[in-house]
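The values are calculated or read from the model by the stated rules, or taken from the named source; none is laboratory data. Note that the coordinates shown come from a computational prediction; the quantities given were computed from them, not determined experimentally. Note that we place each Cβ from the backbone using ideal geometry, even for glycine, and neighbour counts take in every protein chain shown.
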Amino acid sequence: QQTLYFSRHGESEYNVIGRIGGDANLSPRGRLYAQSLAKHIQALNLPSLQIWTSTLQRTKATSAGIQAPQIHLHELDEIWSGECESLSYEELLEHFPKELALRDREKLKYRYPQGESYEDVIRRLTPILIQLECETNVLTISHQAVLRCVLGYFLETPPEEIPYVHVPLHTIIKLTLQGYNYNMETIKMPI
Ligand code: F6P
């Protein structure tokens, strides 16, 4: 039975202060999550477990304690917000009010200036999604926007709803193939 696991990175220093993008490291709570994730995953004793992460510090730090082969893929990096990288949503509202309004109107298609849209993320993720479909016991550690696209793909979410899929921090998401459909379970880690 095919089983895939997913998680966002542990809380980052940027999550704490509400900034988007960037390459911040984990906060103290994020480091606690990394430890409990490693403990939980290791206890499952999954045969041929593999870890796929993005190339950013926060996902690598989240997976560091897990004893399994690891690969770091650019395709799993967070949505690139171009000129808006590292801003807070308040700063976005102040400096890019029109952009924010456009984004609110059509979040799936909206592309940040010099950056990406959710549609762009789906496009660059496609080869990884096809590969994942052929794997089992992979734990993918990535980011909010990317995991919305990944879950949207496996759960056949209508495209316009993908940018709003709920992917909380400090939660392991388990997808199990049942017939032709994936069944989703979530495991909230007590942090
Ligand atoms: O805030 C964390 C984060 O991963 C940002 O880096 C990213 O830009 C954002 O979430 C994506 O969520 P949304 O598309 O809702 O802004």
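More than 13 Å from the ligand (Cβ to nearest atom) and touching a Pro at 6+ places or on another chain (Cβ under 7 Å), is that true of residue 45? When the stated conditions are applied, residue 45 does not pass them. No other residue among 163, 190, 168 is within 13 Å of the ligand (Cβ to nearest atom) and outside any helix (DSSP H, G or I) apart from 168.
Cβ-Cβ distances below 6 Å connect the following pairs, each with a first residue in segment 62-76 that is under 18 Å from residue 123 (Cα atoms), a second residue that is loosely packed, with under 15 Cβ neighbours inside 10 Å, and a separation of six or more residues or different chains: 74/55.
Across segment 100-114, the qualifying residues are those that are within 13 Å of the ligand (Cβ to nearest atom) and part of a loop (DSSP other than H, G, I, E, B), and the one among them that is surrounded by the fewest Cβ atoms within 10 Å (Cβ to Cβ) is 106.
Within the bounds of segment 154-163, is there any residue that is under 26 Å from residue 38 (Cα atoms), of a type outside the set (Val, Ile, Thr) and in contact with an Asp or Glu (Cβ under 9 Å, 6 or more places away or on another chain)? Yes, the conditions are met somewhere in segment 154-163.
Figure legend. Inter-residue proximity from segment 118-137: first residues closer than 30 Å to residue 104 by Cβ and more than 16 Å from the ligand (Cβ to nearest atom), second residues β-branched (Val, Ile, Thr) and at pLDDT 95 or above, beta-carbon distance below 8 Å, spacing 6+ or different chains. Indicated pairs: 129/150.
Quick grid of which residues meet (1) buried (at least 16 other Cβ atoms within 10 Å of the Cβ); (2) in a helix (DSSP H, G or I); (3) of a type in the set (D, E, K, R):
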residue	(1), (2), (3)
22	yes, no, no
30	yes, yes, no
52	yes, no, no
58	yes, yes, yes
61	yes, yes, no
90	no, yes, yes
116	yes, no, yes
126	no, yes, no
129	no, yes, no
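Restricting the first member to segment 11-39 and to residues that are under 13 Å from residue 59 (Cα atoms), and the second to residues that are more than 8 Å from the ligand (Cβ to nearest atom) and among the basic types (Lys, Arg), the beta-carbon pairs closer than 8 Å and six or more apart or on different chains are 11/29; 12/58; 23/58; 24/58; 25/58; 26/58; 30/58.
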